[in-house]
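Undergrad: Attaching a single structure in structure tokens format; questions to follow.
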Amino acid sequence: MSYEVLAQKWRPQSFGDVVGQTHVITTLRNQILSDRIGHAYLFWGPRGTGKTTVARILAKAVNCPNREQETEFSQAATAEPCNNCQFCSEISQGRSFDVVEMDAASNRGIDPIRELRENTKLAPAACRYKIYIIDEAHMLTPEAFNALLKTLEEPPPHVIFILATTEHHRIPKTIVSRCQDFDFRYMEQDQIIGRLQAICEAEDVQIDNQGLSLISLQSEGCLRDAENLLERLTASIGKELNVDQINQILGFGSNHLINELIDAVLRTDLPAALESLDKLVKNGTDLTQCLHQQITCFRNLRLLAIGSNLDSIIQTSKSELELMKEKAHLASPERLSRIIKILMRTNSEIKQHGYAQIHLESALIDACSIQEGIQLTKILKRLSEIEDKIDRGEAPSRTYAPPTAPGSVGNTPPRRSTTAPVLEPSAAPQMAEPQVSKYEAQSSSVPNIKSKPTSTDTRGDKDGANQPNIKSVSADVQHVVSDSNELAKIWEKLLVGLQERGKMPLYGYLKGAAPQPSNGTEAALSGNGLELKVACPPAYTDLIDDNEKALLKEMLADLIGTPVQISFVASSANPHANATLPPSRRSQEITPMMLQHQAERDPEVAPALKLFGAKILKIEPK
Amino acid sequence: MQTPIIGHQQILEQLYHAIASNRVAGAYLFVGVANVGKETVALHFAKSINCLSSDEAACGTCLSCRKADDGNHPDLQIIRPSGAWIKIDQIRELQKRIIYRPLEGVRKVYILTEVERMNLEAANCLLKTLEEPPADSVLILLTTNLDAMLPTIRSRCQIIPFHPLLVSDLAGHLMERFDIDETQAFSISTAAGGAVGKALGLLQDGAEFDEDIPEIMMAGNRLDAFRIAEKWTAQPEALDHLVTWYRDLVMLHQGAPANLLTHVHHAEELRQLATHYSRLQLQSAIKAIFETKAMLQRNVNATLALEVLALKLLRKP
């Protein structure tokens, strides 16, 4: 009546049997072979990866007297314990005097450690080494750890300590630094499958590869978990396992139903999705498992949707993969990502509240309501384009029609974006400065063209937005003069510069102003450098004094790379240069604020204000 | 005469199979929502292991089974949280006793209930025992929350998940065993969410659920909300019931076929009702109910929470 579960029965008894962890095994073997065994080891890693097992094998290997006799056969065999001798079998059965396996979680206080310290002084009873395996070492109290420090640093020559833990961070640094640190890692899927296969053969259990991979997937890389699953399956089904039974016992939804569900979600066919979920429930599927299956499935689909060559990352059978590849076209990675997010959120909701079915139904409703939308990046791009326009004082929805050649303006933007400096047919004769002259030509019907950005500017912006960023501004002054986009960019830089210098009033005046190269482009570049006319509401032009003009010139010269002459032109029709306003409201309005400002700078009022330290409270019209 | 266990047939078969083929593992972890029947099955499993006259299911008549039923079988012990937690001393006590041979039975069985309430020291203390329990002992851990368990504990146990029964199955069992009509059986099973123990508890308390559309869905007056909230305060299970109705509304709203509904009899009225809501309204109603349920478990002012919920659920005119 001493039945052992598979995980215990098949606990490896020699280094060769251990699955994975080659980095640990190789080191230990070499240490044993060269007789350079350390006095303290720290084995750490996730559960079920072989820490206690390797500790026991190590205990046997260092004590086994038969180990050295085998040297003539092969080198690898030498590190292995014989598992036959008295010492080996005593250690295997856990009744050796010299191998003490201490459960640190149950004996976590200082007293057991003191006792242990006393015992270390005594020579081993029979074996060569006295070995202390301290399992679950992270549970020792700080006092216990500290009591161990001195012993661990310089133990008697016949003592080896092996500490094993799952929680490395809870071991004090002082302990870690006295030990040889070995990390145990999660095992690969095929290593687990290989081990399970060996066990199944030995135990006479019939199971196919798909079943094995189901188990190994579920075990998350921990061999003991996998072995326990196999144990549960054989205990509840018997020696012959097929995939359906495994699905049933593990609570997986059958692949067929899961696929049905996923198809329905991809087609956004909600009723069908709900029906498949209902079928899954009626078949006794564990809904949290089913949720995990769905997440994995959508994840695989997303990989395939990103690139069909990513199939090497996906662990599934060939036929499944083909099916998935067909489905992958049905949705974009973005949509799949959102579905996955919804399912993940549902997972935590189920954990919190229970009622898996209702939550899963809600998730399906949400998932099916996701339409194949516009990509976020595209929306952002469009938004920034619109922002760009608004910043330049041009509204996307203009209230008046383009003055001339509406066809050439309205219908061609896409083509324009590919060819930056477009030559308009209407502007063809003026080859030297096609664009500027074109503005002139097109907008001549609109009064005060210089003060007002016209519809053609909208088009020009488009060019600007799509042009590669032009860095050689200073090098090509001629270009600047000719291209209003360039100019607009420089103007923006100027505005930013003003902001940085704290010249907020000036910034405010110029924000709405529109720079125009001087009329007649040849004259623009004269001996005095670039002549720049800035259209500005008359109320503002008076406010800018000579110092500020000098500053502007200086800054512009820096930006363009040539001396600049600025002259302000009053724009009567459009004081704000803000085209978002309907034309009716674009009349010349002077706000009280502007009036006050004007009054403060009035040559007669200003000294009076200064003299009396007065403030302007109210301005009344004459 | 023992009463058969309601539901969980598959699990029982697995366990019987293990007993019959002498493959009973040393450590099990039963996982499932509260009152779903974990403890009942665990006790039955323990009896079956030690039953003198049967190789599979416990006979219920032999000396061993009767002792277990009366709670004085020396080889069966149930460990429950003492106070809020299962403490390390309880586990140490267990470890002291588990090394002895069974007194009468084939194997000693230790059932630990609510192990999610085992504190960290106790859980770690149990690890070595779980990994290699003495050959003639079985540890059965019961928990409602697998994620609250240490991965090291999970990895050492045979995990057996318990699912709530299908409402229709549970209602069938209830009708078979108790003298109740179909609608009552259905409403109790629905409110219990398929958990057997909870359904039996509700039945014992004489809880009555009117199988009518909940008032809150019809009410439009704020004063009604307070009256309804008062009712809920007296009977918090009503929320479990309520959520199924909202779930039906969402389903109908989204065009699901009527056979998926919980309250099939009211399909037409619900369909009418569903048109008054938007999908988001219904989904947030369900969310609000769940949140209130969670709050009630955290010792909030119940009346206040339920009143807030009722006001939230009130249909906007």
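The values are calculated or read from the model by the stated rules, or taken from the named source; none is laboratory data. All figures in this text were calculated on a predicted structure; none of them were measured in a lab. Because the Cβ atoms are built from the backbone with ideal geometry, glycine has one as well, and the counts that use them run over all protein chains shown.
Undergrad: Can you tell me which residues in region A:255-269 are part of a helix (DSSP H, G or I), within 14 Å of chain B (Cβ to nearest Cβ) and either closer than 15 Å to A:I207 by Cα or not small (G, A, S) (or both)?
TA: A:L261, A:V265, listed by residue number.
Undergrad: Residues that are touching a Ser or Thr at 6+ places or on another chain (Cβ under 8 Å): list the helices (runs of 4 or more DSSP H) wholly contained in region B:168-276 that include at least 1 such residues.
TA: Numbers: elements: B:182-192, B:196-204, B:215-218, B:222-234, B:238-253, B:267-274.
Ranges flagged: B:182-192, B:196-204, B:222-234, B:238-253.
Undergrad: With the requirement that a residue be within 14 Å of another protein chain (Cβ to nearest Cβ) and either closer than 13 Å to B:M217 by Cα or of a type in the set (S, T, Y) (or both), what does region B:272-306 give you? Explain how you work it out, then say what you get.
TA: Within region B:272-306, the subset within 14 Å of another protein chain (Cβ to nearest Cβ) is B:274, B:277-298.
B:A274, B:Y277, B:S278, B:Q281, B:L282, B:S284, B:A285, B:I286, B:T292 - these are the residues of region B:272-306 that are within 14 Å of another protein chain (Cβ to nearest Cβ) and either closer than 13 Å to B:M217 by Cα or of a type in the set (S, T, Y) (or both).
Undergrad: When region A:528-556 is examined, which residues are found to be in contact with a Lys or Arg (Cβ under 9 Å, 6 or more places away or on another chain), among the acidic types (D, E) and modelled with pLDDT of 70 or more?
TA: A:D545, A:E548
Undergrad: Do any helices (runs of 4 or more DSSP H) lying entirely in region A:70-160 carry at least 1 residues that are under 52 Å from the mean Cα position of the chain (by Cα) and outside the structural domain of A:G45 (by TED's automatic domain parsing), and which ones are they? First the steps, then the outcome.
TA: Values: elements: A:86-92, A:110-120, A:142-153.
Helices (runs of 4 or more DSSP H) meeting the threshold: none at all.
Undergrad: For region A:221-254, which residues satisfy the criterion of being over 24 Å from B:H17 (Cβ atoms) and more than 9 Å from chain B (Cβ to nearest Cβ)?
TA: A:G221, A:L223
Undergrad: Could you tell me which numbered condition B:A171 fails, if it satisfies all but one of (1) without any contact (Cβ under 8 Å) to a residue 40 or more places away in the chain; (2) in contact with a helix residue (DSSP H, G or I) (Cβ under 6 Å, 6 or more places away or on another chain); (3) facing chain A (nearest Cβ under 9 Å)?
TA: For B:A171, the exception is condition (3).
Undergrad: If you don't mind, another one. Quick check on B:E104: is it without any contact (Cβ under 8 Å) to a residue 12 or more places away in the chain, closer than 27 Å to B:L63 by Cβ and either within 12 Å of another protein chain (Cβ to nearest Cβ) or of a type in the set (D, E, K, R) (or both)? Give the derivation first.
TA: Working: without any contact (Cβ under 8 Å) to a residue 12 or more places away in the chain: no; closer than 27 Å to B:L63 by Cβ: yes; either within 12 Å of another protein chain (Cβ to nearest Cβ) or of a type in the set (D, E, K, R) (or both): yes.
When the stated conditions are applied, B:E104 does not pass them.
Undergrad: Now, a different point. Looking at region A:296-395, what helices (runs of 4 or more DSSP H) fall wholly within it and have at least 1 residues that are in contact with an Asp or Glu (Cβ under 7 Å, 6 or more places away or on another chain), among the charged types (D, E, K, R) and not assigned by TED's automatic domain parsing to the domain that holds A:T268?
TA: Values: elements: A:318-328, A:333-353, A:356-369, A:376-391.
Result: A:376-391.
Undergrad: Conditions: (1) farther than 21 Å from A:E486 by Cβ; (2) modelled with pLDDT of 65 or more; (3) in a loop (DSSP other than H, G, I, E, B). A:A573 meets all but one. Number of the miss?
TA: Every listed condition holds for A:A573 apart from (2).
Undergrad: How many residues does region B:266-316 hold that are under 16 Å from B:D248 (Cα atoms) and of a type in the set (S, T, Y)?
TA: Total satisfying the criteria: 4.
Undergrad: Of A:E334, A:E320, which residue is acidic (D, E), more than 14 Å from chain B (Cβ to nearest Cβ) and either buried (at least 19 other Cβ atoms within 10 Å of the Cβ) or under 20 Å from the mean Cα position of the chain (by Cα) (or both)? First the steps, then the outcome.
TA: On the way: A:E320 fails: either buried (at least 19 other Cβ atoms within 10 Å of the Cβ) or under 20 Å from the mean Cα position of the chain (by Cα) (or both).
Step by step, each of A:E334, A:E320 is checked, and only A:E334 is acidic (D, E), more than 14 Å from chain B (Cβ to nearest Cβ) and either buried (at least 19 other Cβ atoms within 10 Å of the Cβ) or under 20 Å from the mean Cα position of the chain (by Cα) (or both).
Undergrad: Now for a separate question. Filter region A:197-213 for residues that are away from chain B (no Cβ under 14 Å) and farther than 24 Å from A:G45 by Cβ and give the result.
TA: Passing the criteria: A:C200, A:E201, A:A202, A:Q206, A:I207, A:D208, A:N209, A:Q210, A:G211.
Undergrad: Name the one entry in B:P151, B:P164 that is within 14 Å of another protein chain (Cβ to nearest Cβ), surrounded by 18 or more Cβ atoms within 10 Å (Cβ to Cβ) and of a type outside the set (S, T, Y).
TA: Sole residue among the options that is within 14 Å of another protein chain (Cβ to nearest Cβ), surrounded by 18 or more Cβ atoms within 10 Å (Cβ to Cβ) and of a type outside the set (S, T, Y): B:P164.
Undergrad: Of all residues being assigned to a helix (DSSP H, G or I) and surrounded by fewer than 18 Cβ atoms within 10 Å (Cβ to Cβ) in region B:17-38, which is nearest to the other protein chains (Cβ to nearest Cβ)? Just the residue, please. Break it down stepwise before answering.
TA: Looking only at region B:17-38, we keep the residues that are assigned to a helix (DSSP H, G or I), and these are B:17-20, B:38.
Next, only the ones that are surrounded by fewer than 18 Cβ atoms within 10 Å (Cβ to Cβ) stay: B:17, B:20.
Working: B:H17: 5, B:A20: 10 Å.
Ranking the candidates gives B:H17 first.
Undergrad: Still on this structure, please answer the following. Any chance you could count how many residues in region A:188-221 are closer than 14 Å to A:V19 by Cα and surrounded by 22 or more Cβ atoms within 10 Å (Cβ to Cβ)? Don't jump to the end; show me each part of the working.
TA: Of region A:188-221, the ones closer than 14 Å to A:V19 by Cα are A:188-199, A:216, A:221.
Then drop every residue that is not surrounded by 22 or more Cβ atoms within 10 Å (Cβ to Cβ), which leaves A:192, A:195-196, A:216.
Total satisfying the criteria: 4.
Undergrad: Among B:K47, B:K67, B:K87, which is of a type in the set (K, R) and either within 14 Å of chain A (Cβ to nearest Cβ) or within 28 Å of A:S106 (Cβ to Cβ) (or both)? Step through it out loud before you land on a result.
TA: Working: B:K47 fails: either within 14 Å of chain A (Cβ to nearest Cβ) or within 28 Å of A:S106 (Cβ to Cβ) (or both); B:K67 fails: either within 14 Å of chain A (Cβ to nearest Cβ) or within 28 Å of A:S106 (Cβ to Cβ) (or both).
That would be B:K87, the only listed residue that is of a type in the set (K, R) and either within 14 Å of chain A (Cβ to nearest Cβ) or within 28 Å of A:S106 (Cβ to Cβ) (or both).
Undergrad: Can you say whether A:E154 is loosely packed, with under 15 Cβ neighbours inside 10 Å, modelled with pLDDT under 95, out of contact with any helix residue (DSSP H, G or I) (no Cβ under 8 Å at 6 or more places or on another chain) and of a type outside the set (A, V, I, L, M), as far as the supplied structure shows? Reasoning before the result, please.
TA: Values: loosely packed, with under 15 Cβ neighbours inside 10 Å: yes; modelled with pLDDT under 95: yes; out of contact with any helix residue (DSSP H, G or I) (no Cβ under 8 Å at 6 or more places or on another chain): yes; of a type outside the set (A, V, I, L, M): yes.
Yes; evaluated as a whole, the condition is true for this residue.
Undergrad: Another question, then. Only one of these is among the hydrophobic types (A, V, I, L, M, F, W, C), surrounded by 16 or more Cβ atoms within 10 Å (Cβ to Cβ) and within 22 Å of the chain's Cα centre (by Cα): A:A273, A:A264, A:A328, A:A305. Name it.
TA: Working: A:A273 fails: within 22 Å of the chain's Cα centre (by Cα); A:A264 fails: within 22 Å of the chain's Cα centre (by Cα); A:A328 fails: within 22 Å of the chain's Cα centre (by Cα).
That would be A:A305, the only listed residue that is among the hydrophobic types (A, V, I, L, M, F, W, C), surrounded by 16 or more Cβ atoms within 10 Å (Cβ to Cβ) and within 22 Å of the chain's Cα centre (by Cα).
Undergrad: I've got another one for you. Given the condition part of a helix (DSSP H, G or I), touching a residue at least 40 places away in the same chain (Cβ under 8 Å) and either among the charged types (D, E, K, R) or within 23 Å of A:E326 (Cβ to Cβ) (or both), answer yes or no: does some residue in region A:234-254 qualify?
TA: Here is the first cut: in region A:234-254, the ones part of a helix (DSSP H, G or I) are A:234-236, A:243-250.
Next cut, touching a residue at least 40 places away in the same chain (Cβ under 8 Å) only: A:234.
Then keep just the ones that are either among the charged types (D, E, K, R) or within 23 Å of A:E326 (Cβ to Cβ) (or both); that gives none.
No: region A:234-254 contains no residue that is part of a helix (DSSP H, G or I), touching a residue at least 40 places away in the same chain (Cβ under 8 Å) and either among the charged types (D, E, K, R) or within 23 Å of A:E326 (Cβ to Cβ) (or both).
Undergrad: Something else about it: Small (G, A, S) and under 29 Å from A:L140 (Cα atoms): does that describe B:A148?
TA: On the way: small (G, A, S): yes; under 29 Å from A:L140 (Cα atoms): yes.
For B:A148, the condition - small (G, A, S) and under 29 Å from A:L140 (Cα atoms) - is met.
Undergrad: Read through the list (1) among the β-branched types (V, I, T); (2) within 12 Å of chain A (Cβ to nearest Cβ); (3) touching a residue at least 60 places away in the same chain (Cβ under 8 Å), then give the number of the only condition that B:V243 fails.
TA: All conditions are met except number (3).
Undergrad: Follow-up. Given (1) within 21 Å of B:Q158 (Cβ to Cβ); (2) surrounded by fewer than 22 Cβ atoms within 10 Å (Cβ to Cβ); (3) not aromatic (F, W, Y), where does A:C179 come up short, assuming only one miss?
TA: (1)
Undergrad: Test A:S213 against the criterion of being assigned to a helix (DSSP H, G or I), touching a residue at least 40 places away in the same chain (Cβ under 8 Å) and of a type in the set (G, A, S), and give yes or no. Give the steps one after another, and end with the answer.
TA: Working: assigned to a helix (DSSP H, G or I): yes; touching a residue at least 40 places away in the same chain (Cβ under 8 Å): yes; of a type in the set (G, A, S): yes.
Spelling it out, A:S213 is indeed assigned to a helix (DSSP H, G or I), touching a residue at least 40 places away in the same chain (Cβ under 8 Å) and of a type in the set (G, A, S).
Undergrad: Scan (1) within 13 Å of chain B (Cβ to nearest Cβ); (2) at pLDDT below 85; (3) in a helix (DSSP H, G or I) for the single condition A:A272 breaks and write down its number.
TA: (2)
Undergrad: In addition: For residues that are at the interface with chain A (Cβ under 7 Å from one of its Cβ atoms) and either touching a His at 6+ places or on another chain (Cβ under 7 Å) or within 24 Å of A:Y355 (Cα to Cα) (or both), tally how many sit in region B:136-148.
TA: Adding up the residues that qualify gives 1.
Undergrad: Taking the conditions exactly as written (over 30 Å from A:E188 (Cα atoms), among the small types (G, A, S) and out of contact with any Gly (no Cβ under 6 Å at 6 or more places or on another chain)), does A:A55 satisfy them or not? Quick ask: steps written out before the conclusion?
TA: Details: over 30 Å from A:E188 (Cα atoms): no; among the small types (G, A, S): yes; out of contact with any Gly (no Cβ under 6 Å at 6 or more places or on another chain): yes.
Against the criterion (over 30 Å from A:E188 (Cα atoms), among the small types (G, A, S) and out of contact with any Gly (no Cβ under 6 Å at 6 or more places or on another chain)), A:A55 does not qualify.
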